[in-house]
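Novice: Below: one structure in structure tokens.
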Amino acid sequence: MCLPPLLEFSMKRINEVISKLEYQVGTVMLISIVVLVFASAVLRLFDLPIVWSVDASQLMFVWISMIGADLALKKRSHMGVDLLVRSFPAKLQKVIALISYILCGAFIVFIAYWGIRLCILNYLRTYQTLKISYSFATAAIPTIALCMFSSLLEQVIDLLLHWKDTQRVQ
């Protein structure tokens, strides 16, 4: 058995499971935000405000934003300008892609590190109405950064395993 294809298969399988979980969690959170904000607005008309709705919505929105960033990374949907790069030979495109992945990986490690520091700093800070630590919100940064690093690693493995292919980089 050859290790690189096994590694590629393993990373793809892990990221598929993570993606499904992210879609499900993101969908539930988005629906929850919509229902909560709508219910809060309607109940406010009857002088029955849901005081914790803003804090809960903000908490879920932080997580949805981070999940969306990882899902976009998995689909290679982040904005990029590749007009010039597409005119280069395939090998040079791959070198540029690898450098780009390394830079993205370094940035992800950077945000994960500072996200962990932020979680530690916010441990004692609480949401006023939810009475939970603000670290539940800031934990989205290192948690999803780990998912993003996994997504990026899969793309690097795919690039390296198909390095000799003459096709252009996606």
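The values are calculated or read from the model by the stated rules, or taken from the named source; none is laboratory data. If you're wondering where the values come from, they're calculated on a predicted model, not measured in any experiment. Cβ: placed from backbone, ideal geometry, glycine included. Neighbour counts: every protein chain shown. The protein model used for the area step is the full one, side chains on, heavy atoms only, and it has no ligands, DNA or RNA in it. Shrake-Rupley method; radii C 1.70, N 1.55, O 1.52, S 1.80 Å.
Novice: Within segment 103-144, restricting attention to residues that are farther than 22 Å from SER57 by Cβ and touching a residue at least 40 places away in the same chain (Cβ under 8 Å), which residue is most open to solvent (accessible area, probe 1.4 Å)?
Specialist: VAL109
Novice: Do you know which residues across segment 44-79 are in a loop (DSSP other than H, G, I, E, B) and farther than 21 Å from ASP158 by Cα?
Specialist: First pass over segment 44-79, keeping only residues in a loop (DSSP other than H, G, I, E, B): 46-52, 75-79.
Scanning segment 44-79 gives PHE46, ASP47, LEU48, PRO49, ILE50, VAL51, TRP52.
Novice: List every residue pair whose Cβ atoms sit under 7 Å apart, with the two residues 6 or more apart in sequence or on different chains, where the first one lies in segment 64-81 and is touching a residue at least 40 places away in the same chain (Cβ under 8 Å) and within 18 Å of ILE102 (Cα to Cα) and the second, anywhere, is open to solvent by 40 Å² or more (accessible area, probe 1.4 Å) and of a type outside the set (Ser, Thr, Tyr).
Specialist: Here the result reads ARG76/GLN170, each pair linking segment 64-81 to a residue that is open to solvent by 40 Å² or more (accessible area, probe 1.4 Å) and of a type outside the set (Ser, Thr, Tyr).
Novice: Also, quick follow-up: Scan segment 147-160 and give yes if some residue there is farther than 21 Å from LYS12 by Cα and either open to solvent by 60 Å² or more (accessible area, probe 1.4 Å) or not charged (D, E, K, R) (or both), otherwise no.
Specialist: The answer is no; no qualifying residue exists.
Novice: Find all pairs meeting these conditions: Cβ atoms under 7 angstrom apart; at least six residues apart or on different chains; first residue within segment 145-166 and within 23 Å of ILE64 (Cβ to Cβ); second residue of a type in the set (Gly, Ala, Ser) and part of a helix (DSSP H, G or I).
Specialist: Partner pairs satisfying both residue conditions: ALA145/ALA112; ALA145/GLY115; LEU146/ALA112; MET148/ALA69; PHE149/GLY105; LEU152/GLY105.
Novice: Next up: Could you tell me which residue of segment 9-28 is farthest from VAL62 (Cα to Cα), considering only residues that are at pLDDT 95 or above and surrounded by 17 or more Cβ atoms within 10 Å (Cβ to Cβ)? Give the derivation first.
Specialist: From segment 9-28, those at pLDDT 95 or above are 20-28; that's our starting set.
Going one step further and asking which of them are surrounded by 17 or more Cβ atoms within 10 Å (Cβ to Cβ), we end up with 22, 26.
Details: GLU22: 13, GLY26: 11 Å.
The residue in question is GLU22.
Novice: Would you confirm, using the coordinates I've provided, whether ILE64 is closer than 30 Å to LEU130 by Cα and surrounded by 11 or more Cβ atoms within 10 Å (Cβ to Cβ)?
Specialist: Details: closer than 30 Å to LEU130 by Cα: yes; surrounded by 11 or more Cβ atoms within 10 Å (Cβ to Cβ): yes.
In short, yes.
Novice: Of the numbered conditions (1) farther than 15 Å from ALA140 by Cβ; (2) buried (at least 16 other Cβ atoms within 10 Å of the Cβ); (3) modelled with pLDDT of 95 or more; (4) within 20 Å of the chain's Cα centre (by Cα), LYS74 fails exactly one; give the number of that condition.
Specialist: LYS74 satisfies all of (1) farther than 15 Å from ALA140 by Cβ; (2) buried (at least 16 other Cβ atoms within 10 Å of the Cβ); (3) modelled with pLDDT of 95 or more; (4) within 20 Å of the chain's Cα centre (by Cα) except (3).
Novice: Given the criteria open to solvent by 40 Å² or more (accessible area, probe 1.4 Å) and closer than 19 Å to LYS131 by Cα, does PHE46 qualify?
Specialist: Working: open to solvent by 40 Å² or more (accessible area, probe 1.4 Å): yes; closer than 19 Å to LYS131 by Cα: no.
Judged against the criteria, PHE46 is not a match.
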